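The values are calculated or read from the model by the stated rules, or taken from the named source; none is laboratory data. Fair warning: this is a prediction, and the values are worked out from it, not measured in the lab. As a convention, Cβ positions derive from the backbone with ideal geometry for all residues, glycine included, and neighbour counts pool all protein chains shown. When the accessible area is computed, the model is the full protein with side chains, heavy atoms only, and any ligands, DNA or RNA have been set aside. Shrake-Rupley method; radii C 1.70, N 1.55, O 1.52, S 1.80 Å.
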Amino acid sequence: MASAGGSEAIASIVRCLRSCLYAVDGEERKAAERQLEGGVCHPGFSSTLASIATEGALTNHDVGVRQLAAVILKQVIKKHWSAEALKFEDPELPQGERTNIQAVLPNGLSDPSSKVRTAVAMCIAAISKADPDGWPGLVENLVGAIHAHRVSMTPLVHGAIRCLSLLSDDIDEHYLPQVARSLLPELLHVAADNSGATPADLRASALSIFYDVIKSLAVMGAVYQRQVRDLLVPLVDPWLPLLCGVVAQPMTIQDTSGWAIRMLCLKSLTQLISYFSKPLQQHVQHVMQASWEMYTSSLGLYQMHLVLEPSEGGMASEGDLQGKMDLEGNTLDLESLLAQLFELLMALVGLPKYTKIIRPALPEMSYLVVSYMQMTVGQATEWLENPAQYVADEEDNTFTVRVSGELLIDSLMQAFNLEAARALMDAVERRTQEAAASQAAGQAGWWKLREAALLALGCCTASFPAGLADVRGGGGRGHRQQATIADLQSRLQRLVDEVLRTDLQGPLINPLLVGRAMWLAARLQPILRPDQQGPLLAAAAAGLNSNLPSPVKIGACRVLASLAPRVPGEVLGSLADSLYGGLLALLACSGEEALNLVLESMVPLIKADPTAAARALPALSTPLLQVWSRYVTDPLLAESSLEVLGALARVPQCLGPLTQQVLPVVAKVVRQPRAQPDGLVEGCLDLLAKLVRPGKREVVAAVAASCCGPLIALLPGGPAADVDDDTGALTHGATELLVELVRAGGEDFLSWAAPSLNSAAIVSVQGAASSSSSASLSPMSTSPTGCHGGAPGAASDSAVFAALLGTTLRMLDPAADEYRTCLAGDLAAALVHCLPSRAAVQPVLGELLEACCRKLAASNLSPLVGGLLAALGHMALIGGAGGWLEALGTMQMASLVMYAGLWPQGCYALHCWRCCRVAIRI
């Protein structure tokens, strides 16, 4: 491409731009794109792009070509404007070309085409952000242009406001007060013009700038509170009538052109109430009135167009009112508008000074919010078809009206306590009665109102005064308050009776309603009567074993997790086999989101009835291990499945069979760490730790005989230590398991571990890199064949201890990475405490003492320091006065002085404080 600047160069660039836009031939288009990409290397190319974008005559007023020129120029600016820019790439634009671009671009803000104005404004904003000196005088010139041409509303006003909307969130705080004084009055004239002369998008841009300015002022107010207050009040006072007036206007579906303006008014009012309610207190009641108008008038619109489909008497359909975007590209629809309204209401409810004004409206506000929490047609359809999305939306606070309703109820409970609780209970009872009347009248969508009532009641149980705890103790409350709480609990229990009778024990109504009923039962668990717990758990068992959609099964899992630890043993025992059968079926077909819930519900069931868990183990263990191995690298599911396996391991009847099934395959993985997928070895170490932790000697002996040698090989200085990555997770897991083995085995550990340190085991660790196959974990083997134990040529007890001691001393080396060796102190403490016949005598005790002191002097990591102090305490206690003094005598003078200074400093570690006191007495 010829050097740009002359007419021939301009024509060449225009041809390339046209080819990119209009060429039918793909090769021609790609060639043009390559020429434009390389154009930045040619002097004058960027200036020519600026000229093409701003001068219509150069392209015969082709808006598409001019817009594309501006888009390419913006990319050039971001990458090549300044070497100091974050995303800079060579070459840097020459100073002369930059000056020329800055001179040309502002002309494009007055172009008749809105597309060109917007594209040029983006280039100007990109320069302002990429240049280390910004663009001096830019904002002032834009404000001046608005002031000079506001009356005639020329295209320049449109372009200047669009440009300011891109810059407004990036104005330096030192210039912000000055800019605000001159800018906000000009913007008010634009935003307030509802005569039709000013386009809605221009009014929205003015409001967007206003919102950005007050948001920046709110940040400044944390430091310059008085100055911001004095500046803000006279500037914002004229805006409040406009903002309140827009919010109070009735909404219509037919004309959505004003929705962007309404959204920005809601966001601006929320910002002002949240940060400036005190200086603007004369306007707060007007804001309340406007918000109430929108809150009360929009419910019918929400129900008709989002909740009720035509068969239910409404006009909603899946995807209705979707797809609209605001100026920033955010979704702009009825639901997002109402969610923003709820944010404003929460900000108002949170003002303690105005509780007297809000209190009379509590009954009506609670009554309306229940209806706002009805699920939309889109939500109902998606949740029935997609269980994973149902669980995700239940767990996450997504930006919906349902979630906003929950948050508003929580704000009311926090502000008004028992008054809000009574109002909500009244509202729920009224809405459930209305739903029953609608059902009797044959209205198809009645169940949505009942589901919303149950949701509203359950979502705030944690916010009830004193939670849902028993009030018989009083807790220092007055008799009237105790009576009110007792009445609320009695009403809740009656509602649970109705839920059991109507939703869970009667004919199937709607799976989403049944799932919500079970969810509510789980939330109300603390106040359930004993005669309610058994039927609810039976309903959960029936739901798990049914062919009903996923919401019912998910609700059943929640009931199970909540009630299993609390129902009488005879009730749980009669249902346990059925519950396990349903959970096993869910394990096989659930997606990741639901699978985690299934796993979480298994743990309390296993803990509550170990006998039933032992009966279920043969059918349960293989599917569980398959889930664990499939998701071994998933932090959430791997941890949840390990929790279930750990709960089974704590059942004495399950531990032996589970170990027999797991150990052969898992031990093979640990012995061949180089041949395994990422994360599998760490997962196997965690699983082995779950098996060892109960301390059953036969299991500890089997794991030690299979894995001790490979564990030592994984630690610093071992032949497989390089398998670990930068995080040190493998070293951490191996050290933790080794500590568990030493603690559980004591002196016997040395003889148990000896078979794993024979020559064959070490060779298998060193030669695993050449292994062509990795251990298979799916399905897990049920045969004990392959347990590594009792091999000929086993190492002696002394050799095992020597290997342990050498590894411990290497980990205690001050030069070793402290994060990777953060459990070195725990390992040293385990040696001294659990193997005293070898570790608490000289010269070993002296070596360990000196190594711990040196490591302590070089470390600041809290877990490492705590473990080292614990090790030193055990040395003092177990070594005795004579052994302690003898060990001190073997230390070099420098280490002894270091130790004397470190010991008092380390006594802050509370878990070894007693050891420290004993050692100091010695």
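Name the single residue that is nearest to LEU301 (Cα to Cα) among those in the stretch 357-395 being among the aromatic types (Phe, Trp, Tyr) and at pLDDT 95 or above. So that I can check it myself, show each step before the final result.
Residues of the stretch 357-395 that are among the aromatic types (Phe, Trp, Tyr), as a first pass: 367, 372, 383, 390.
Those left that are additionally at pLDDT 95 or above: 367, 372.
Values: TYR367: 16, TYR372: 10 Å.
Residue satisfying both the conditions and the ranking: TYR372.
Name the helices (runs of 4 or more DSSP H) wholly inside the stretch 211-311 in which the number of residues that are open to solvent by 70 Å² or more (accessible area, probe 1.4 Å) is 1 or more.
Values: elements: 225-236, 239-248, 259-276, 281-297, 299-302.
It comes to 225-236, 239-248, 259-276, 281-297.
Rundown of residues vs (1) open to solvent by 20 Å² or more (accessible area, probe 1.4 Å); (2) at pLDDT below 90, yes/no style:
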residue	(1), (2)
ALA469	yes, yes
GLY476	yes, yes
ARG480	yes, yes
ILE485	no, yes
SER490	yes, no
GLU498	yes, no
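Beta carbons closer than 9 Å, at least 6 apart along the sequence or on distinct chains, never pair a first residue in the stretch 45-57 that is more than 16 Å from LYS115 (Cα to Cα) and open to solvent by less than 10 Å² (accessible area, probe 1.4 Å) with a second that is of a type in the set (D, E, K, R) and not in a helix (DSSP H, G or I). Residue check: is ALA192 buried (at least 17 other Cβ atoms within 10 Å of the Cβ) and either out of contact with any Asp or Glu (no Cβ under 7 Å at 6 or more places or on another chain) or more than 22 Å from LEU105 (Cβ to Cβ) (or both)? So ALA192 fits the description; yes.
Against the numbered list (1) outside any helix (DSSP H, G or I); (2) open to solvent by 10 Å² or more (accessible area, probe 1.4 Å), GLN35 comes up short only at (1). Here ALA720 meets the list (1) surrounded by fewer than 23 Cβ atoms within 10 Å (Cβ to Cβ); (2) farther than 20 Å from CYS834 by Cβ almost entirely, failing just condition (1). Within the stretch 407-446, the set of residues being over 34 Å from the mean Cα position of the chain (by Cα), assigned to a helix (DSSP H, G or I) and among the hydrophobic types (A, V, I, L, M, F, W, C) comprises ALA435, ALA436, ALA437, ALA440, TRP446. Entry remark, the stretch 80-101: residues being surrounded by fewer than 18 Cβ atoms within 10 Å (Cβ to Cβ) and of a type outside the set (Val, Ile, Thr) number 13 in total. Looking only at the stretch 122-147, count how many residues are open to solvent by 70 Å² or more (accessible area, probe 1.4 Å) and within 15 Å of LEU183 (Cβ to Cβ). Qualifying residue count for the region: 3.
Are any residues in the stretch 599-637 among the small types (Gly, Ala, Ser) and either under 18 Å from GLY582 (Cβ atoms) or open to solvent by less than 10 Å² (accessible area, probe 1.4 Å) (or both), and if so, which ones?
Here is the first cut: in the stretch 599-637, the residues among the small types (Gly, Ala, Ser) are 601, 608, 612-614, 616, 619, 621, 629.
Hits for the stretch 599-637 are SER601, ALA608, ALA612, ALA613, ALA616, ALA619, SER621.
Selection of the stretch 166-184 for residues being more than 14 Å from SER128 (Cα to Cα) and touching a residue at least 12 places away in the same chain (Cβ under 8 Å) yields GLU173, TYR175, LEU176, PRO177, VAL179, ALA180, ARG181, SER182, LEU183, LEU184.
Within the stretch 280-302, which residues are of a type in the set (Val, Ile, Thr) and more than 15 Å from LEU243 (Cβ to Cβ)? Full working, then the answer.
Filtering the stretch 280-302 down to residues of a type in the set (Val, Ile, Thr) leaves 284, 287, 296.
If the condition is that a residue be of a type in the set (Val, Ile, Thr) and more than 15 Å from LEU243 (Cβ to Cβ), then THR296 is the only one that fits.
Among ALA871, ALA829, which is within 45 Å of the chain's Cα centre (by Cα) and under 22 Å from SER751 (Cα atoms)? The unique qualifying residue is ALA829.
Take the residues in the stretch 166-183 that are assigned to a helix (DSSP H, G or I) and open to solvent by 70 Å² or more (accessible area, probe 1.4 Å), then tell me which one is farthest from ILE124 (Cα to Cα).
Here the residue is ARG181.
For GLY515, the test of being at negative phi, at pLDDT 90 or above and either in contact with a His (Cβ under 6 Å, 6 or more places away or on another chain) or not aliphatic (A, V, I, L, M) (or both) is passed. Any residue at all in the stretch 1-14 that's closer than 24 Å to ASP133 by Cα, touching a helix residue (DSSP H, G or I) at 6+ places or on another chain (Cβ under 7 Å) and β-branched (Val, Ile, Thr)? Checked against the condition, which is being closer than 24 Å to ASP133 by Cα, touching a helix residue (DSSP H, G or I) at 6+ places or on another chain (Cβ under 7 Å) and β-branched (Val, Ile, Thr), the stretch 1-14 yields no hits at all.
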